[in-house]
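The values are calculated or read from the model by the stated rules, or taken from the named source; none is laboratory data. In this text the structure is predicted, and so the values were computed from the model without any measurement. Positions of Cβ are generated from backbone atoms using ideal geometry, with glycine treated the same way; all protein chains shown enter the neighbour counts. The area values use the complete protein model at the heavy-atom level, side chains included, leaving out ligands, DNA and RNA. Shrake-Rupley method; radii C 1.70, N 1.55, O 1.52, S 1.80 Å.
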Amino acid sequence: MPELPEVETVRLGLQEFLPGQAIKSITKDWPKSLPVSEELISASLIGAKVESVQRRGKLIIMPLSSGYSLLIHLKMTGQLVYRPNKGKGFGGGHPNDSLIDKLPDRSTRVIIELTNGTLFFNDQRKFGWVKLEKSEGLYENNAFLSKLGPEPLEDNYTFEQFKNAIKRRANTSIKAAILDQTVVAGVGNIYADESLFDARIHPLTKAGDVSTIKLKRLYNAIREVMSLSISLGGSSDRNYVDAKGNRGSYLKFAKVFRKEGSPCPECGGEIKKIRAAGRGTHICPRCQKIVKK
Ligand SMILES: [Zn+2]
């Protein structure tokens, strides 16, 4: 599943191309891919210019000159591919060959024709979505956006905010707490496991039992792991379009995620896979111990 760093990579890629371009036409393969009436499409999408490409959590938001915003969630298998009429484009999200193959293909759900090229929303498993909402009051009114916790990479995101949000989840496991999108936006399974390993916290430790010093390490680890991943283009390769088969650049740097059976880079012990917060979870049992207050 694309996580925050991958979605940020998609945002950065599209931000290079889309702002200033007008929408010429929209094609959707079935109504649920873009649940908007034909009237609203004509009135609020066709002819509207893309003002910018933003991100909140794992949601991509494109404010348009019409006063509406396109919202895109990639979910499990979504991807966005921009093909300019001339020159090289960009593709990101779920790393499969639709990023480089001829489009549209069987996974294409929505086609947005723009002034200088075409944006394809592909989604094999159809969990992803594209929606249209009024830009005014979007962050307060949208059910998903209004509940979303702070952005972990913003400069103004403080340790105090993190600590207080974790305290409100004192009775759940620390892994469940950091996966809770109201605590902090965009931490998914890979980054939860990597951050907990870096902070030497067992994922099943009760959130309320984690010491302040360990919480501080975890706060720093979340920010470091996600920043590193963005600088490497997310856990799927930013340059996938140019370099077929060369993907998963962040996963090469992962220390525990999907490394069960391999030696721990810290102590040499064996990485194990357990279940925590309902998810497959990777730990070093020697470096990460459950502590109780
Ligand atoms: Zn270890």
Potential extension, GLU270-ALA43 segment - 0.36 nm per residue separation minus Cα distance: 75.8 nm
Where labels lie 7 Å past Cα in the beta-carbon direction, separation of LYS126 and PHE144 in nm: 1.8 nm
Kirkwood Rh in Å, taken over region 4-147 so that all alpha-carbon pairs contribute: 15.0 Å
Dipole magnitude of region 4-147, debye to nearest 20 (Cβ charges: Lys/Arg +1, Asp/Glu -1, about Cα centre): 240 debye
Links that overshoot a 26 Å alpha carbon limit, given the list LYS28/LYS252; LYS49/LYS131; LYS252/LYS272; LYS86/LYS126; LYS58/LYS131; LYS28/LYS86: LYS28/LYS252; LYS86/LYS126
Of all accessible heavy-atom area on the chain, the percent that carbon and sulfur account for (1.4 Å): 50 percent
Average projected area [Cα convex hull, the chain], square nanometres: 15.4 nm²
Which of VAL183, HIS73, SER211, positive extreme of dipole for the chain (C-beta unit charges): SER211
Cα gyration tensor shape for region 1-60, rounded if a/c is under 1.5, else prolate or oblate: oblate
Within the chain: Cβ-based charge dipole about Cα centre, in debye rounded to nearest 20 (Lys, Arg +1; Asp, Glu -1): 1180 debye
Charge dipole of the chain about the Cα centre (unit charges at C-beta), most positive-ward option of LEU45, PHE257, GLN288: GLN288
Residues of the chain: accessible area per residue with a 1.4 Å probe, Å²: 46 Å²
Folded to 0 to 90 degrees: helix 189-198 orientation relative to the chain principal axis, Cα: 30 degrees
